[in-house]
Structures are given as structure tokens and as C-alpha cells.
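Worksheet: one structure, shown below.
The values are calculated or read from the model by the stated rules, or taken from the named source; none is laboratory data. Being a predicted model, the structure only gives us computed values, none of them experimental. Ideal geometry is used to build each Cβ from the backbone, glycine not excepted, and the neighbour counts take in all protein chains shown. For accessibility, only protein heavy atoms count, side chains too; no ligands or nucleic acids. Shrake-Rupley method; radii C 1.70, N 1.55, O 1.52, S 1.80 Å.
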Amino acid sequence: MFDSRCMPRPSLFAIPPRRGGPQAHRLLLSSVLVLLALLQPELFMMPHFRLSCWNHAIELVEVHTDYSFGFPVDLGASWLHGVCKENPLAPVIGRLGLPLYRTSGDNSVLYDHDLESYALFDMDGNQVPQDLVSKTDLVRQEFSEDMSVQHAISIVFERRPDLRLEGLGHKVLQWYLCRMEGWFAADADTISLKSWDQEELLPGGHGLMVRGYLPVINTLAKGLDIRLGHRVTNILRHHNGVKVTVEGGRTFLADAAIVAVPLGVLKSNCIKFEPRLPDWKEAAIDDLGVGIENKIVLHFEEVFWPNVEFLGVVAETSYECSYFLNLHKATGHSVLVYMPAGRLARDIEKLSDEAAANFAFTQLKRILPNASAPIQYLVSHWGTDKNSLGSYSYDRVGKPHDVYERLRIPVDNLFFAGEATSTDYPGSVHGAYSTGLLAAEDCRMRVLERYGELDLFQPVMGEDNPFSVPLLISRM
């Protein structure tokens, strides 16, 4: 065992924030607490306070803005879901003056882009009817047991043969399933019918971060002296503190720890907890699904495609369908982003980057035979990257939606944060950000309980400002 009496006090680890995690650091740093935090595999020091930081990600997991094309491209999260003042990230984005491009005014999960922004129609030029989604809700109300979205659709077709689609109509339906799979980063035969729409969707529609998410991360991390290279292997907790061991054997002591590693990393058991986490906590980790959605970014010499936000490729199965995000419409750059999810994403991750880019370009040529070859490409690997091992969480069939809350609940002096601990906003940047705030407050109370009332805490950035800066949102 270790003796926490030799440590500076109070002290804290945060291991390591995923999307939005730096806010946990910001709140605690503003509180002049001695903070041990994991942000981007690193160790840092501050005057008068011991402050350490590691991470399981070379980039902040799921927020990865790349500049190799000469302009920002997000390989991870790209959207602010809920362009409104109620979004916890709105004060940060508004005060930074970061522009957003509205891809939809609809607050639904399935249609995160307006239907008119798709280049996808039947042979007569008509848009696809949307009543199939409402029909599956009748199945959900009738059956007490849970089932997959895919199974529910098959039941609808069995009962209403008149709704069964054939030919191009069937292919278009598969494309919409492909879009749903992209939202959850999972296959339709694994997504829970009862829980797929249980997350809270903020008003204001969906806005693409035109300059990427990195300015937000840099702002939240400002003032932190971060040094890369400390991947956590062991977390030992005791009534009087926490000892964290990193690769190479170096150890760090603190009074408490915030665990905000990606769900895929928790599932892999590459971090050993001593003693083991309680059964209910391990069950929460096991019960949540972790999906995969990747991006293959193709940069072209010039634009040769229609002026729409999405180009869709319809096929007989959702696995064969695909879609491209047109960044030129939002940013002015001649870029298309191919976005495979679920099993297709896992299969493409087995390819080299060049082969993956060629695969995406082949899909593009199915709808634009005269497409010119890309001059540059980027490929993400969220599923196989050992720092992420997946993209974000989703509800699995037969598992209750409260599993997110069970994952968030602290265990002794270990506190948990990240998108997979957000009941209302799972899989989102603002969900991860808000759980970082909650974890920081929980840790603050823990320290106050142990050391007494300390009037050292300052308002979180934006809370001391009586007015809010409006978000810059446009639609071309």
C-alpha cells in the first residue's frame, strides 16, 4: 500500500478525458486544486501545484482536427448537435466566434440533414416516404421484449405487405438504414428498438464546425502544461487515495481520480483496477455497445459533384450503401468525406490507407463515373486505434438505457466521465463535456468532505459572464 500523507493536498487524477474532458480540468484548476489529470498522454507541472496528465489518445479521442491539407478537417467529431444556448458548449463556441454551418433544422436522430440536402431520389424524382419509421414505433409499443431495429422493420413488412418496397424503393430504404447505422456507429441488427431514440435532442438542429473542434479543445486546455507519453496501465484505489501506474512503471499518487477513457478502452481491460470494480460497474461497461464510424477524406483538385450536402449510394443492403459528406458546401474546400460505420467500417479498417481511399473512390465512381482521382486523402482508424478502440457508445438490444447512469456513478474515490456516461446526450461532444463538469463537481465535493470547506473555487469559463455570445450559424 502507499502513504498519501507524503502527497501535496488536495490532489486529483483525471484519466483521460475523451471528448470535452478538459472542462473537468478547467473547473478543478480554477479551484486551485492540485490536479493529476489525463488529457493527451502527458505529464505537466504548474507553479505551486503538482499537475499531471496522461491519455490513452495521441489526439483527444474522437476530436481530431487534421491540418495536413492546409485547412482544418475533423477526422472525429464534426457537429454541434443542438445549435442553441441550452447546449453546454454554446458559451465556449460563441465566445470564440467559431462559425457553424447548419446541415439541418430538424432535431430528429435519423434526419440530421434536411431531406432536400440529399442527392437521393426514386426513378420518378420523388423523395422517399418517411412513414416507415413511425410504423416501427407501433411494434415497440406492442412488444414487451426488446428487439433490434432491423427485426422491427421485418415485422412491419410481415404485417403490412403493402409497405414492402422492391427495386429502387428497397435500395433507398437500405440507404436510410445505413444513415441510422452511421448515427449510432453500429449495425441495424444490433441497435435497440426501445432505446434508439431515448437521448435528449436539443433544439436548433445540427451545425457543422466549419473550423473544426480543435479551437475548442485548445481553449479548454489553455494553461495546462501537457506532455505526451504516459499511458495508464493500473489504477489502485484505497480509502486514503489513488495510485496510478503508467507504462514504464512510474507511479503517481492523488486523493481521487476521474476516469474518462473511451468505452472501448474500458472494455478491453487494458487498464487494471485494484481492487476490481464492483460487479454492477463492470456490468455497465459490458452492457453498453461501442460502435465504429470512420472517415475517409478525399481532397480533389476541383469540384465536379452536385451542390448538395450528401451524396448517397443506394444498394440491396445497408452494408453495400454509402454516403459522402460534401465539405465544399460548408467550407469552400473541394473535399468529400466517405463515412462507413458498423461492420463495413471494421472491414475497411483491415485495409491499408491507400486501399481504403481507393475503395471510397470506387464507391464515388458508382454515382459519378467521370469523377477525377483525389490528390490527397486521410483515413481514420477509430476501431483499431489502441487509444480509442471504437468511436462512441450506443444502446444494445435488451439492455436498459439507465446503463449510462450506472457507468457514471463514482466508485469510492474514482469518478467517471465521457460521452458513455451521459444519459441525455450519449455519443456527443456536449454530452462528454457536461459529464466532465459533473465529475469535477463530484471531486470538488469529495475534497471538501475530506479537508473541510475551502473557498478557493472560481466560476467555470462563461458562468461569470451575465450575457451570452450568439452562435454564428449559416445555411448556404
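Kindly indicate the residue of segment 279-306 that is open to solvent by less than 10 Å² (accessible area, probe 1.4 Å) and within 30 Å of Asn370 (Cβ to Cβ) and also nearest to the chain's Cα centre (by Cα) among those meeting that condition. Among those that are open to solvent by less than 10 Å² (accessible area, probe 1.4 Å) and within 30 Å of Asn370 (Cβ to Cβ), it is Asn294. Filtering segment 338-345 for residues that are of a type in the set (Lys, Arg), in contact (Cβ under 8 Å) with a residue 12 or more places away in the chain and farther than 30 Å from Lys386 by Cα leaves an empty set. Take the conditions of a type outside the set (A, V, I, L, M), over 30 Å from Lys365 (Cβ atoms) and open to solvent by less than 30 Å² (accessible area, probe 1.4 Å) and apply them to Gly248. Does it pass? When the stated conditions are applied, Gly248 does not pass them.
Scan segment 319-334 and give yes if some residue there is assigned to a strand (DSSP E or B) and surrounded by fewer than 20 Cβ atoms within 10 Å (Cβ to Cβ), otherwise no. No, because not a single residue in segment 319-334 is assigned to a strand (DSSP E or B) and surrounded by fewer than 20 Cβ atoms within 10 Å (Cβ to Cβ).
Restricting His239, His230 to residues that are over 21 Å from Ala420 (Cα atoms), surrounded by fewer than 18 Cβ atoms within 10 Å (Cβ to Cβ) and in contact with an Asp or Glu (Cβ under 8 Å, 6 or more places away or on another chain) narrows the list to His239. With respect to (1) touching a Pro at 6+ places or on another chain (Cβ under 9 Å); (2) modelled with pLDDT of 90 or more; (3) open to solvent by less than 30 Å² (accessible area, probe 1.4 Å), the lone exception for Leu89 is condition (1). For segment 335-366, a tally of residues being farther than 13 Å from His299 by Cβ, open to solvent by less than 60 Å² (accessible area, probe 1.4 Å) and small (Gly, Ala, Ser) returns 5. The number of residues in segment 338-367 that are over 24 Å from Pro426 (Cβ atoms), in contact with a strand residue (DSSP E or B) (Cβ under 8 Å, 6 or more places away or on another chain) and assigned to a loop (DSSP other than H, G, I, E, B) comes to 0. For segment 236-289, what are the residues that are in a helix (DSSP H, G or I), of a type in the set (Lys, Arg) and under 21 Å from Ala440 (Cβ atoms)? Hit for segment 236-289 is Lys281, nothing else. Any residue at all in segment 262-274 that is among the small types (Gly, Ala, Ser), open to solvent by less than 30 Å² (accessible area, probe 1.4 Å) and more than 30 Å from Glu349 (Cα to Cα)? Among the residues of segment 262-274, not one is among the small types (Gly, Ala, Ser), open to solvent by less than 30 Å² (accessible area, probe 1.4 Å) and more than 30 Å from Glu349 (Cα to Cα), which makes the answer no.
The one condition from (1) at pLDDT 80 or above; (2) under 23 Å from Pro340 (Cα atoms); (3) open to solvent by 50 Å² or more (accessible area, probe 1.4 Å) that Lys171 does not meet is (1). Can you find a residue in segment 420-430 that is in contact with a helix residue (DSSP H, G or I) (Cβ under 8 Å, 6 or more places away or on another chain) and of a type in the set (Asp, Glu)? Yes: segment 420-430 contains one or more residues that are in contact with a helix residue (DSSP H, G or I) (Cβ under 8 Å, 6 or more places away or on another chain) and of a type in the set (Asp, Glu).
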